[in-house]
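One structure is given here, and the rest of the page talks about it.
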Amino acid sequence: MSTAQGPDPLPADASQERRAPVRVGLVQINNSFSGQNYLPYSVALLQTYVQKMAADPGLYEFLPPLYKRVRIADAVEALKDADLVGFSTYVWNGRISLEIARRLKALRPGIVIVFGGPHVPDQPEAFLRANPQIDLAVHNEGERTFLKLLESFADREAWQSLPGVSMFKADGSFVRNPNIDRVRDLDEIPSPFLEGAFDSIMAANPNESWIGLWETNRGCPFRCTFCDWGSATAAKVTKFGEERLYREVDWFADKKIEYIFCCDANFGIQKRDVDIANYVAGIKKETGYPVALSVQNTKNATERAYETQKILSDAGLNKGVALSMQSVDKPTLEAIKRDNISLGTYMELQRRFTRDKVETYSDLILGLPGETYESFVKGVDLLIENGQHNRIQFNNLSILPNAEMGDPAYQAKYGMVTVESKIINIHGERIELDDDVPEVQDLVVATAAMPLADWRRTRIFCWMTALLHFDKLFQIPLIMAHGISGISYRNMIEAFMAADPKRFPMIAEINAFFHKEAESIQSGGSEYVFSKEYLGIYWPADEYIFVELTAKGKFDAFYAEAGKLLAETVSAKAAGLPMEIIDEAIRLNHALVHQPYAKDNLRIRLSYDLLDYWHKVRGGEQALLSEKPLAIEVDRTTKPYDDFQKWCREIVWWGNKKGAYLYSPRSAAITPELAGHY
């Protein structure tokens, strides 16, 4: 009879008869994304390795893997006949995995539960004591260890000596064995794509749209304290063979997999990554697949980072190049161990991509150790000055268990204050199963350098910057005001944050909304704003305001207030400036913002060539404003939006990465013949 101590022992004469196959369940629950689901790559690697490398693969029967969030009772029903269930865990599936395992153990005490993945703490004794349903934890690369575990399945005593595992012995003592050596030749691990590991679940789920997870290498030479990538892989980068990778790209195209997420920490770090990017681009040109390839750009290798991303951009394989600098403050970069990553690399890449008409977006993290309100805001100003007019993604800092930042001593050193918050995906739906557990994260909402009030102020600055500049509602006036007066972008944005409620009630109302949302996050509330009325999804606070201004017909009033506030702010900086330029910029920007229900095209007369100036600033070129009477025609009727929900989805949501919120205007010099029409 099975007990909680392990599997049923084999009969004494097991060596003389073939035992029944060990039934293996595998779980890698990923979030769905826009109705698509990720292929369970991590557990497929385990299955394929066992099937190719085991002395007798027939001894192991693999159940269909669990790859998406379902009712916990349904997951238990699907896995209850397994002898062993292996869970690949991370922040988005940690709690549901634990609950499935708990119920499985209660139902069948003899079932063996194995946990692996980045969410298993490197020092897991407390974690395993708190979760007795777990028999064994596997650390770092799991393929070799998982095979050893299965091949010694009948002898639990042997598990105690397996490399890279943690467990409790029968006497209650704890074992944490040193990690197994990493696989140096990654082609030892068979490809789950090419070996057919996904064929059965794809056939069983013909209506699923799949996203591919893909590795070309493993490892990360950087040790950023907020990240568990470098700490997990001990720096050395190992590679899969190029021919194997090319055949996998062929597989993606053959299976019509539209979106590929590359799991490499630093795509472009290897010289061959240029060839890989070219191959993917060629296959897309030939077959139409994949539609997009998302990669994490390498650090420091400026030329290869540029070349690989340019190839992907030219092929339409990315929506924009991510420049993940996280902070531009030197003391902060030292505190998070990114001071060995050149900021100059990012700045140069931003300038080069901008000149070559390749959209970029920059990543900054709010709440990093040592970062102050002042240093953060100065950093934002610097990035915009350097030409980042497309988007800065302002991310809240979340603590990962195996990152150095997860150490309580590290958090105490920097006075880090955290709250537990539900994990909500940007633009995600509110999916509530009747049998589920929400996933949570530890968000940093204050530090010694950025106390609670300063964190809120910084968060509001992020939203206001996004609304005015990156959502393009007020970008043209900000650029023009900066150009003619030299006033900094941060000073203009801060003026909106300090608007007098009596004189600027609408802007003050936006500020109050941002303040309320920042307070909510600090109390454990959602990072995003849920709207049942607008697509039933979670919006970033700035985009929610954009939608609200449109839905409530408040755009004219917003531009009236914003124009008055900006004029006062610039005039206070320097008297005697040609304010009519800013007035024209406000009128132009107002006309260009994409709106639903537009019935007519717009015509605007300008005295200055504002479009040329704006385009050159955005393109990283030398810009000189010329006085030139122009007729601007805004085509709002060629592709009208009479469905408000469709406008929300296609313009505000899907336009997010590229900031594609504006119409494309046509301009012409005003001749005597045209003068009467404007």
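Annotations for the structure displayed:
- Taking the DSSP bridge list for the chain and keeping only pairs wholly inside it, about 50 percent are antiparallel.
- Residue 395 versus residue 571: modelled label distance in nm, points set 7 Å from Cα along the beta carbon direction: 4.3
- Kirkwood hydrodynamic radius of the range 575-675, Cα pairs, Å: 15.1
- Net lengthening on full extension, residue 599/residue 533 (0.36 nm per residue, minus Cα-Cα): 21.4 nm
- The chain: angle of helix 475-485 to the longest principal axis, Cα-based, in degrees nearest 10: 60
- Estimated FRET transfer efficiency (residue 20, residue 243; beta-carbon r; R0 56 Å; 0.05): 0.90
- Of the trypsin sites (Lys or Arg not before Pro) found in the range 122-187, those that fall in a DSSP loop while having at most 13 other beta-carbon atoms within 10 Å are 169, 184.
- Expressed as a fraction of 2.2 N^0.38 Å, the value expected for a compact globular protein of N residues, the C-alpha radius of gyration of the range 162-239 is 1.55.
- Longest stretch of the chain clear of exposed loop sites (GluC sites (Glu not before Pro), DSSP loop, at most 14 other Cβ atoms within 10 Å, sites excluded): 18-431.
- Each principal axis of the Cα cloud of the range 300-419 was evaluated for its coordinate range; sorted largest first, these ranges are 46, 29, 26 Å.
- By the helix-only formula, in which each DSSP H run with n ≥ 4 contributes -39500 (n - 2.57) and the sum is divided by residues, the chain has a 222 nm mean residue ellipticity of -11000 deg cm²/dmol.
- Calculated SAXS-style log₁₀ I(q)/I(0) at q = 0.14 Å⁻¹ - the range 604-650, Debye, Cα scatterers: -0.56
- Percent of Cα-Cα distances greater than 16 Å, calculated over the range 384-482: 69
- For the range 20-186, the Cα-based Rg and Dmax, in that order, read 15.0, 49 Å.
- Cysteines, the chain, no other Cys beta-carbon under 4.7 Å: 220, 262, 263, 462, 648
- Cross-link pairs 532/639; 299/337; 330/472; 255/284; 502/564 - those with Cα-Cα distance over 18 Å: 532/639; 330/472
- Cα long-axis angle, helix 541-551 against the chain (0 to 90 degrees, to the nearest 10): 50
- Per residue, the Cα convex hull of the range 370-410 amounts to 96 Å³.
- Principal-axis analysis of the Cα atoms of the chain puts helix 343-355 at an angle of about 60° to the longest axis.
- Over the chain, Cα pairs under 8 Å with separation of 6+ residues give a relative contact order of 10 percent.
- In straight-distance terms, cross-link reach from residue 80 covers every one of the lysines whose alpha-carbon lies under 18 Å from its own, apart from those fewer than eight places away in the same chain; here that gives 68, 105.
- Percent of C-alpha pairs per 10 Å bin, the chain, short to long: 3, 14, 23, 25, 18, 10, 5, 2, 1, 0, 0
- Debye intensity ratio in log₁₀ form over the Cα atoms of the range 527-578, taken at each q of 0.21 Å⁻¹: -0.77
- Projected onto planes of every orientation and averaged, the convex hull of the alpha-carbon atoms in the range 139-291 covers 11.9 nm².
- Cβ-derived FRET efficiency at R0 51 Å, residue 125 paired with residue 498, nearest 0.05: 0.50
Read-outs: derived from the displayed coordinates by stated rules, not from any lab. Values in this document were obtained by computation on a predicted structure and should not be read as measured data. Please note: Cβ atoms are built from the backbone with ideal geometry, for glycine as well, and neighbour counts cover all protein chains shown.
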